[in-house]
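Asker: Here it is: the structure, laid out below.
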Amino acid sequence: MKVGILGGGQLAQMLIQAGRELGVKFEVFTSEQGCPAGQLAEVTVGSFNDQAQMVAFFKRNHFITYENENLSVELLQSISENSSSLFPSANILEVISARFSQKQFFHHLGIPTAPVFFVENSSDVPSALEKVGVPGIFKTNRLG
């Protein structure tokens, strides 16, 4: 069995280390040379937005997973329409790719989280601090 991992960071590296003990082979798709996971697996360097490269990657591997949420949901939905090999699904990626939607999803499932308030601009800060309290943490909704 061969598993493809979108992203080659430390999480991918740890997955490969655990999977190799079970006899699983891995290929990493990354946008940069010299990624941590590349020391342990076959590596393809390319653009996460290049549909042809991604389709070829899907075809070379039995199962695909990802190690970060900064991927194109639309592209992965398109590619995985004809494949059941993406785990977690692109629908899950859509939920986890934005911190606020993650929190809303957890609340919907009854999973407790720290207080959260979506801040779109500086005028929202006083309301956020009133709801969340001090000290509080500001995070970007996507990326970073």
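Asker: Out of these labelled values of Cα extents along the principal axes in Å, (1) 41, 37, 32; (2) 43, 36, 26; (3) 51, 30, 30, which was calculated from the coordinates shown here?
Answerer: Evaluating Cα extents along the principal axes in Å on these atoms matches (3).
Asker: Helix 99-109 against the longest principal axis of the chain: what's the angle in degrees, Cα atoms only, rounded to the nearest 10?
Answerer: Taking Cα atoms only, the helix is inclined about 80 degrees.
Asker: For the chain, what does -39500 (n - 2.57) per DSSP helix run (n ≥ 4), summed and divided by total residues, give at 222 nm, in deg cm²/dmol to the nearest 500? It would help to have the intermediate numbers written out before the result.
Answerer: Values: 6 runs with 55 residues, N = 144.
Rounded to the nearest 500, the figure is -11000 deg cm²/dmol.
Asker: Rounded to the nearest 20 debye, what is the charge dipole size of the chain about its Cα centre when +1 sits on each Lys and Arg Cβ and -1 on each Asp and Glu Cβ?
Answerer: Its charge dipole is roughly 280 debye.
Asker: Starting from 0.36 nm per residue, how many nanometres of slack lie between PHE117 and ARG60 once their C-alpha separation is accounted for?
Answerer: Here the answer is 16.3 nm.
Asker: Using packing as a proxy for protection, rank 61-70, 91-100 so that the peptide with the highest average count of other Cβ atoms within 10 Å comes first. Mind showing how you got there, number by number?
Answerer: On the way: 61-70: 17.7, 91-100: 15.8.
Going from most to least packed, we get 61-70, 91-100.
Asker: Separate question: Using a Cα-Cα cut-off of under 16 Å, which lysines could be cross-linked to LYS131, ignoring same-chain neighbours fewer than 8 residues away?
Answerer: LYS103, LYS139
Asker: Given a 1.4 angstrom probe, what's the average accessible area per residue across the chain, in square angstrom? Please list the in-between numbers first.
Answerer: Working: 8970 Å² over 144 residues.
About 62 Å² of surface per residue is accessible.
Asker: Ok, one more. Percent of accessible area on the chain owned by carbon and sulfur, 1.4 Å probe?
Answerer: On the way: 4930 of 8970 Å².
C and S atoms contribute 55 percent here.
Asker: Let me ask something additional. Arrange the peptides 9-16, 132-139 so that the one whose residues have, on average, the most other Cβ atoms within 10 Å appears first. Mind showing how you got there, number by number?
Answerer: Details: 9-16: 18.5, 132-139: 9.9.
Most protected by this proxy first, the peptides run 9-16, 132-139.
Asker: Can you sort SER122, SER83 by solvent-accessible area, 1.4 Å probe, largest first? Don't skip to the answer; put the middle values down first.
Answerer: Working: SER122 100, SER83 40 Å².
If we order SER122, SER83 from most to least accessible, we get SER122, SER83.
The values are calculated or read from the model by the stated rules, or taken from the named source; none is laboratory data. The model shown is predicted, which means the values in this text are computed figures rather than measured ones. Here the Cβ is made from the backbone with ideal geometry for all residues, glycine too, and neighbour counts use every protein chain on show. Heads up: the accessible areas ignore ligands, DNA and RNA and are worked out on the full protein's heavy atoms, side chains in. Shrake-Rupley method; radii C 1.70, N 1.55, O 1.52, S 1.80 Å.
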